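Q: I have a structure I would like to understand better, so I am pasting it below and will then ask my questions one at a time.
The values are calculated or read from the model by the stated rules, or taken from the named source; none is laboratory data. Note that the coordinates shown come from a computational prediction; the quantities given were computed from them, not determined experimentally. Here the Cβ positions follow ideal geometry from the backbone for every residue, glycine too, while neighbour counts run over all protein chains shown. All accessible areas refer to the heavy atoms of the entire protein, side chains included, with ligands and DNA or RNA removed. Shrake-Rupley method; radii C 1.70, N 1.55, O 1.52, S 1.80 Å.
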Amino acid sequence: MNIVVCIKQILDPEVPARDFRIDSERREAARGSANLVTNIFCENALETALQFRERAGGRITVLSFGSESAEDSLRKALAMKADAAALVINDGHPHPDPFAVARALAAAIRKIGDFDLILVGRESGDWGAGQTGALLAEELGVPCVNFVDHIDSDSDGLRLKRQTDAGWEIFAAKPPVVVTITNDEHNVPRVPKTRDVMMSYRQTLTKWTLDDLDTDAASIRAANSYYEIVDLLIPVKETQCEFIEGDSLESRVENLARRIQEVTDAL
Amino acid sequence: MNDSQATREVFWNITQVWAMYALLVPTLVIAGFGFYRRVRVWKRGLPLDRTDRPIERIRKLITHALAQRRTTRDTSAGIFHTLIYTGFIILTLATTVVFIHQDFGLPIMRGKFYLYFQSFLVDVFGALTIVGILMAAFRRSIQRPKKLVYTDEAAMILAVIFLIAVTGFLVEGWRIAATSDPWGHWSPFGYLIARASGPLMSDETLKQSHAAVWWTHAVLVFGFIAWAPYTKMAHVAFSPFNIYTASLAPVGASLRHIDFDKAETLGVNSLAAFTWKDLADFDACTECGRCTNFCPANTVGKSLSPRDIILDLQLFMRNSERGIQNGNSALRTPHSAFNSPIIGTVEATSPDALWACTTCGACMEACPVFIEQMPKIVDMRRFLVMEEADFPDTMQEAVTSIESRGHPFRGTSLGRMDWAEGLNVQTIDQADDAEVLLWVGCGGALVERNTRVTRATAQLLEKAGVSFAVLGREEKCTGDPARRIGNEFLFQNLAKENSDKLNRHGVKKIITACPHCFNTFRNEYPQFGGNFEVYHHSQYLARLVDEGKLKPEKKSEKKVTFHDPCYLGRHNDEYDAPRQLVKIASRSNPIEMKQSREQSFCCGGGGGMSFIEEPPDKRVNGERARQILETDAERVAVGCPFCMTMLEDGINARKGERDVRVMDVAELLWESVSADVRG
Ligand code: SF4
Ligand code: SF4
């Protein structure tokens, strides 16, 4: 079974609120002193793939479309014991929209060769659009199952499990299929062994530019074709504190009830 | 008779003396083999140079092997050990005198020397040895302190040396009685026996009994010599050897460097991965139990016992030589046993125990023979972390956070410079001619309570007119927690990165309020090209006061006790500077807790342990808080961001008892220096 896990490197979402700034000119989060990390849902996807490989065998390729620095995320994936890694260097728009990303990834996956299972994180921790998985399936012309947290296989094909409010849904799917992965207590990304971290720096990592792929590189570079970010701002939260007065407990409760009514009416 | 003629006949009443000499040969062969067997195993360990700086080593040998400074710290054990040990030395000297007199034909055993030394002194010390043996036996059989290991072997040893001493006195006494030795009274205890036996025994009986007991004594002595190297008595030879080859570096520099280009396995999970010195350490253990007695984790009831780690591995090593593993399987070869896994194979090295160590170094400080328990624990942790990635989740989070964010405090809402809000603190880019760098540290910047300490320190430096700067957002963890948890790889990367960065900025002097950062810069960065003059803030501030650059105006009335941070005290031998600050800032001297200075009790936060949730009934900080509350101090002064949070938590958990405020020494000084601050 050939498995491709798509991963994205993002600005650390855990940067302290006070350090978080927006570059309003570029309409993006300012890098500041924050680090770049692998998007957590992508790591959940990789972990799910690794566990699946332990049970059913297969070969895992990790793939990223991003800047040169995304190599760090791919190396970490290799340290976690992915079999191969490929990076498509994005020399176009710094924030390509999900359509462009899906097109680039699809072209790279076709270049990698036969595939049975494509895993994608359910959304990224920076923009959080949650579109890439479905669009990628569309590009590749295969079905897509969303929000899965566990994958198994039997003689009929794959069993994909997802949690709903009412319980579990199990999908039977025949590869090839794109699956988006959400987090679960069982797919917490493993900490790689240091020995494997060291080895990961000696492994080869394939790098492509958009021109190496069989796709319309220019349109991907242009990106942002379907929507435009007009403005970006940090929501301002305001809290007001009000003391409810009254002579007795009863009157205070009454006043409180009246005040709640007023406030909710005003909303 | 003239005293100058005083002497005695060696081998009086003994025929066939040759038999004794004949016995000597197998005795020495067996004993020699006993030692050779041990040394042969050590030689299988990895290489390590422990013969450099001979003068310092000899000095250490004199203080700790000859004068036994550490052994005598424990008063009850110290007394009996001194009695037996000096008796042992005096009696060995006496035997040597006999040997020189008789076998070398140099008649030195005569006259005053014979009377004062060979008769009187030897007799008295012989008696004191018996007192020592009885004390030891009393301790073992009646008092039974928890820290000792109770083996038949230990009891046998006491019994045998007791018999040797008693038969020695009988031989002496009966000789004095039978020969009516005119100088007999110079051996007071032998003389007593002579006087007591005289009326009861005929000359013939005396002679016969003397000969019989003489041979018994001789056989016991030889037997003991032959047997000793196979028992814990081997420490008579191993202890001095171990002290001579002990590490001369401070405790803070005791972790082994790993060369990642060469290392076959990362960390240690077999005897083969230890150095020869580690293996020698296992053999040198005297089973005294001091290390475990002082171990904070053990004190609060965790399974960690440094003594048992050493002794279990000693047994493991000895069994492995015979190809035995886990008690019974004799199928393995010595080779595979030497290479087979040790973590969790014996109880003492279970991961639970290994993950309880705060790396406080109390064990190393307590050990009379300078065994290095803590670095071995870290060696095994390294294996778990780097080869297996198998370690507690919360520690994993801390390590991952250091990896991706440069600090271990995942989820902090603070930034690197938030503490400086409203202060005029410059970063090194703004002030590249600054004289000193204030290294804030992750704790000092990202843990709310400690930001106040950083503020106080910066304000004091400013007030004293020190030209200083900080790295600001460029600052990253020194790697101490990563190293102590066992991720040496991450540590080395950080050490190189930070050393380069500091060198690039031309940093020469570093001040830090974190003893962990202090230790890392001082003892560990030089290996990575980071050579700086490093000060703990207490040292630097004390100096500023001495130089008159800071003028304390008020003295607090509050009674203060000081809690020694392990990484400042035991790891780097600085006990006085922080106390000096306490003294400057308050009316009275600091109150000392029961355990302080070298024997201070850890806060529980070192070695990555502050990133672990301890079970509520087994918290090291809880025990330390108890010790703090035991004094009548109203404040406890600290000098470490980890101690700060651990002790605050510990005291809060005992809130009902008494409220004691935890304050850093810099805060105390700031309070005393600045008129507008209230305590
Ligand atoms: S370093 Fe401290 S916690 Fe660790 S074994 Fe030694 S005494 Fe115990
Ligand atoms: S390791 Fe040292 S302190 Fe611990 S029991 Fe052995 S000799 Fe005593």
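Q: Can you confirm whether B:T454 is in a helix (DSSP H, G or I), surrounded by 24 or more Cβ atoms within 10 Å (Cβ to Cβ) and not assigned by TED's automatic domain parsing to the domain that holds B:R382?
A: yes
Q: From B:K583, B:K555, which residue is touching a strand residue (DSSP E or B) at 6+ places or on another chain (Cβ under 6 Å), over 30 Å from B:I377 (Cα atoms) and more than 14 Å from chain A (Cβ to nearest Cβ)?
A: From the options B:K583, B:K555, the qualifying one is B:K555.
Q: Here's a follow-up. What are the residue pairs meeting all of these: first residue in the stretch B:13-32, first residue over 18 Å from B:V171 (Cβ atoms), second residue open to solvent by 60 Å² or more (accessible area, probe 1.4 Å), Cβ atoms under 7 Å, and 6 or more apart or on different chains?
A: So the pair list comes out as B:T27/B:I225; B:A31/B:I225.
Q: What number of residues within the stretch B:460-476 satisfy the criterion of being assigned to a helix (DSSP H, G or I), surrounded by 19 or more Cβ atoms within 10 Å (Cβ to Cβ) and more than 12 Å from chain A (Cβ to nearest Cβ)?
A: Total meeting the criteria: 2.
Q: Shifting gears a bit: Taking the residues in the stretch B:572-609 that are over 28 Å from B:P368 (Cβ atoms) and assigned to a loop (DSSP other than H, G, I, E, B) as candidates, determine which candidate is farthest from ligand 2 (Cβ to nearest atom).
A: By that ranking, first place goes to B:R587.
Q: Just name the residue that is surrounded by the most Cβ atoms within 10 Å (Cβ to Cβ) out of those in the stretch B:477-487 that are within 14 Å of chain A (Cβ to nearest Cβ) and in a helix (DSSP H, G or I).
A: Checking each candidate, the answer is B:I485.
Q: Considering every residue within the stretch B:441-451, establish whether at least one is away from chain A (no Cβ under 14 Å) and either out of contact with any strand residue (DSSP E or B) (no Cβ under 9 Å at 6 or more places or on another chain) or open to solvent by 30 Å² or more (accessible area, probe 1.4 Å) (or both).
A: Yes, the stretch B:441-451 contains at least one residue that is away from chain A (no Cβ under 14 Å) and either out of contact with any strand residue (DSSP E or B) (no Cβ under 9 Å at 6 or more places or on another chain) or open to solvent by 30 Å² or more (accessible area, probe 1.4 Å) (or both).
Q: Also, quick follow-up: Closer than 22 Å to B:L255 by Cβ and open to solvent by 40 Å² or more (accessible area, probe 1.4 Å): is that true of B:N531 in this structure?
A: So B:N531 fits the description; yes.
Q: Filter the stretch B:416-428 for residues that are more than 11 Å from chain A (Cβ to nearest Cβ) and in contact (Cβ under 8 Å) with a residue 24 or more places away in the chain; which is surrounded by the fewest Cβ atoms within 10 Å (Cβ to Cβ)?
A: Checking each candidate, the answer is B:N424.
Q: Given the conditions (1) assigned to a loop (DSSP other than H, G, I, E, B); (2) closer than 30 Å to B:L668 by Cβ, report the number of the one that B:Y525 does not fulfil.
A: (1)
Q: Further question: State whether one or more residues within the stretch A:186-198 are surrounded by fewer than 10 Cβ atoms within 10 Å (Cβ to Cβ), in a loop (DSSP other than H, G, I, E, B) and assigned by TED's automatic domain parsing to the domain that holds A:P96.
A: no
Q: Right, another one. Being more than 27 Å from B:D480 (Cβ to Cβ) and more than 16 Å from ligand 2 (Cβ to nearest atom) narrows it down to one of B:E547, B:E623, B:E533, so name that one.
A: Among B:E547, B:E623, B:E533, only B:E547 is more than 27 Å from B:D480 (Cβ to Cβ) and more than 16 Å from ligand 2 (Cβ to nearest atom).
Q: OK, next. Can you name every residue in the stretch B:488-503 that is open to solvent by less than 20 Å² (accessible area, probe 1.4 Å), within 10 Å of chain A (Cβ to nearest Cβ) and in contact with a Phe, Trp or Tyr (Cβ under 7 Å, 6 or more places away or on another chain)?
A: none
Q: One residue is enough: does the stretch B:341-360 have a residue meeting the conditions within 12 Å of ligand 1 (Cβ to nearest atom), polar (S, T, N, Q) and at pLDDT below 95?
A: Yes, some residue in the stretch B:341-360 is within 12 Å of ligand 1 (Cβ to nearest atom), polar (S, T, N, Q) and at pLDDT below 95.
Q: Moving on to the next point. Against the definition (open to solvent by 10 Å² or more (accessible area, probe 1.4 Å), small (G, A, S) and more than 25 Å from B:A366 (Cβ to Cβ)), how does B:G656 come out, yes or no?
A: yes
Q: While we're looking at this one, here's another question. Take B:F274 and decide whether it is of a type in the set (F, W, Y), surrounded by 21 or more Cβ atoms within 10 Å (Cβ to Cβ) and not assigned by TED's automatic domain parsing to the domain that holds B:I79.
A: Spelling it out, B:F274 is indeed of a type in the set (F, W, Y), surrounded by 21 or more Cβ atoms within 10 Å (Cβ to Cβ) and not assigned by TED's automatic domain parsing to the domain that holds B:I79.
Q: Can you pull out the residues in the stretch A:150-185 that are among the acidic types (D, E) and either at pLDDT 95 or above or not in a loop (DSSP other than H, G, I, E, B) (or both)?
A: A:D152, A:D154, A:E169, A:E185
Q: Being in contact (Cβ under 8 Å) with a residue 40 or more places away in the chain and among the charged types (D, E, K, R) is the filter here, so list the residues in the stretch B:74-125 that pass it.
A: Residues satisfying the conditions are B:D74, B:R110, B:K112, B:D123.
Q: Just give me the residues in the stretch B:194-206 being assigned to a helix (DSSP H, G or I) and either open to solvent by 90 Å² or more (accessible area, probe 1.4 Å) or over 20 Å from B:T7 (Cβ atoms) (or both), in sequence order.
A: B:R195, B:A196, B:S197, B:D203, B:E204, B:T205, B:L206
Q: I've got another one for you. Hey, any hits in the stretch A:166-177 for a residue that's more than 14 Å from chain B (Cβ to nearest Cβ) and either among the charged types (D, E, K, R) or touching a Ser or Thr at 6+ places or on another chain (Cβ under 6 Å) (or both)?
A: Scanning the stretch A:166-177 turns up at least one residue that is more than 14 Å from chain B (Cβ to nearest Cβ) and either among the charged types (D, E, K, R) or touching a Ser or Thr at 6+ places or on another chain (Cβ under 6 Å) (or both).
Q: Residue under question is B:I309, and the condition is that it be modelled with pLDDT of 90 or more, away from ligand 2 (no atom under 15 Å from the Cβ) and hydrophobic (A, V, I, L, M, F, W, C); does it hold?
A: no
Conditions tested, residue by residue: (1) touching a strand residue (DSSP E or B) at 6+ places or on another chain (Cβ under 9 Å); (2) hydrophobic (A, V, I, L, M, F, W, C); (3) more than 16 Å from ligand 1 (Cβ to nearest atom).
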{"residue": "B:P250", "(1), (2), (3)": "no, no, no"}
{"residue": "B:D259", "(1), (2), (3)": "no, no, yes"}
{"residue": "B:L266", "(1), (2), (3)": "no, yes, yes"}
{"residue": "B:N269", "(1), (2), (3)": "no, no, yes"}
{"residue": "B:G289", "(1), (2), (3)": "no, no, no"}
{"residue": "B:T292", "(1), (2), (3)": "no, no, no"}
{"residue": "B:C295", "(1), (2), (3)": "no, yes, no"}
{"residue": "B:K302", "(1), (2), (3)": "no, no, no"}
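Q: Which of the residues spanning the stretch B:583-592 are surrounded by 22 or more Cβ atoms within 10 Å (Cβ to Cβ) and either at pLDDT 95 or above or among the small types (G, A, S) (or both)?
A: B:A585, B:S586
Q: What number of residues within the stretch B:349-393 are open to solvent by 10 Å² or more (accessible area, probe 1.4 Å), away from ligand 2 (no atom under 16 Å from the Cβ) and part of a loop (DSSP other than H, G, I, E, B)?
A: Looking only at that region, the number is 7.
Q: Does B:S413 satisfy being within 9 Å of another protein chain (Cβ to nearest Cβ), away from ligand 2 (no atom under 16 Å from the Cβ) and part of a loop (DSSP other than H, G, I, E, B)?
A: So B:S413 passes the test.
Q: In this structure, is B:A77 small (G, A, S), within 30 Å of B:E321 (Cα to Cα) and open to solvent by less than 30 Å² (accessible area, probe 1.4 Å)?
A: Taking the combined requirement at face value, the residue does not satisfy it.
Q: Pairs needed: first member in the stretch A:163-187, among the small types (G, A, S); second member anywhere, open to solvent by less than 50 Å² (accessible area, probe 1.4 Å); C-beta distance under 6 Å; at least 6 residues apart or different chains.
A: Note: pairs meeting the criteria are A:A173/A:G157; A:A173/A:L158; A:A173/A:L160.
Q: From the list A:V5, A:V37, which one is within 11 Å of chain B (Cβ to nearest Cβ) and modelled with pLDDT of 90 or more?
A: It is A:V37.
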